[in-house]
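Input: a single structure, listed below in structure tokens.
The values are calculated or read from the model by the stated rules, or taken from the named source; none is laboratory data. Computed from a predicted structure; not experimentally measured. Please note: Cβ atoms are built from the backbone with ideal geometry, for glycine as well, and neighbour counts cover all protein chains shown.
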Ligand SMILES: CC(C)(COP(=O)(O)OP(=O)(O)OC[C@H]1O[C@@H](n2cnc3c(N)ncnc32)[C@H](O)[C@@H]1OP(=O)(O)O)[C@@H](O)C(=O)NCCC(=O)NCCS
């Protein structure tokens, strides 16, 4: 039998991937971590219309993350606050396998644009670690209302120069 090699691949988002993304973004612990999430992750109509806007927007680069052939998350590049940001989400059952780090490294090779920015709640240790391992460093701080936590949450702004 062929051995699995823990391969992370990125590909374009296909309609049926949204079923997986919807499940991933339902998880309360993931919402708490990410903090800046939608008001009601269980609202599938809102979720699908949000993703329709993303899929229709040619300026948003979005990829499905595939791990050993399995759909495990998504990663994207978009404009926010006049800057180009990256963001990612991995399904909880796949956390801690190095997937986000590998996915972001691969994504950064496909995106020529620099600088790139990213934001993470100050206590989102996993995401902060992923960004640092991929060469991002803290540029500043901000805060915003977190739907997931129902309060204002502080975040770091990260920048990747090269
Ligand atoms: C944050 C997230 C992307 C991390 O994904 P992942 O695939 O588990 O990350 P990796 O396996 O590549 O881990 C990278 C590093 O972070 C560490 N890490 C990951 N999650 C962690 C956690 N919850 N607490 C502490 N460290 C964590 C890993 O140990 C690893 O560090 P190491 O290489 O020094 O051992 C994932 O938990 C997630 O999607 N969370 C919900 C959505 C979210 O927060 N997205 C980011 C918004 S800013």
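Quick check on residue 133: is it within 8 Å of the ligand (Cβ to nearest atom) and either surrounded by fewer than 17 Cβ atoms within 10 Å (Cβ to Cβ) or farther than 21 Å from residue 156 by Cα (or both)?
Yes: the conditions hold for residue 133.
Look at residue 79 and say whether it is free of Cβ contacts under 8 Å to residues at least 60 places away in the same chain and either surrounded by 15 or more Cβ atoms within 10 Å (Cβ to Cβ) or under 19 Å from residue 109 (Cα atoms) (or both).
Yes; evaluated as a whole, the condition is true for this residue.
Could you tell me whether segment 137-158 includes any residue that is within 10 Å of the ligand (Cβ to nearest atom) and either within 25 Å of residue 7 (Cβ to Cβ) or at pLDDT below 95 (or both)?
Scanning segment 137-158, I find no residue that is within 10 Å of the ligand (Cβ to nearest atom) and either within 25 Å of residue 7 (Cβ to Cβ) or at pLDDT below 95 (or both), so the answer is no.
Being in a loop (DSSP other than H, G, I, E, B) and within 13 Å of the ligand (Cβ to nearest atom) is the filter; apply it to segment 51-104 and report the residue that is nearest to residue 15 (Cα to Cα).
91
In the set 47, 36, 107, which member is assigned to a helix (DSSP H, G or I), at pLDDT 95 or above and under 22 Å from residue 157 (Cα atoms)? Before the answer, list the steps.
Details: 47 fails: under 22 Å from residue 157 (Cα atoms); 36 fails: assigned to a helix (DSSP H, G or I).
Just one listed residue meets the conditions, 107.
Only one residue in 10, 18 is more than 22 Å from residue 118 (Cα to Cα) and in contact with a helix residue (DSSP H, G or I) (Cβ under 6 Å, 6 or more places away or on another chain), so which one is that?
Testing whether each residue is more than 22 Å from residue 118 (Cα to Cα) and in contact with a helix residue (DSSP H, G or I) (Cβ under 6 Å, 6 or more places away or on another chain) leaves just 18.
State whether the residues of segment 113-130 include one that is away from the ligand (no atom under 11 Å from the Cβ), at pLDDT below 95 and out of contact with any strand residue (DSSP E or B) (no Cβ under 6 Å at 6 or more places or on another chain).
Checking segment 113-130: not a single residue is away from the ligand (no atom under 11 Å from the Cβ), at pLDDT below 95 and out of contact with any strand residue (DSSP E or B) (no Cβ under 6 Å at 6 or more places or on another chain).
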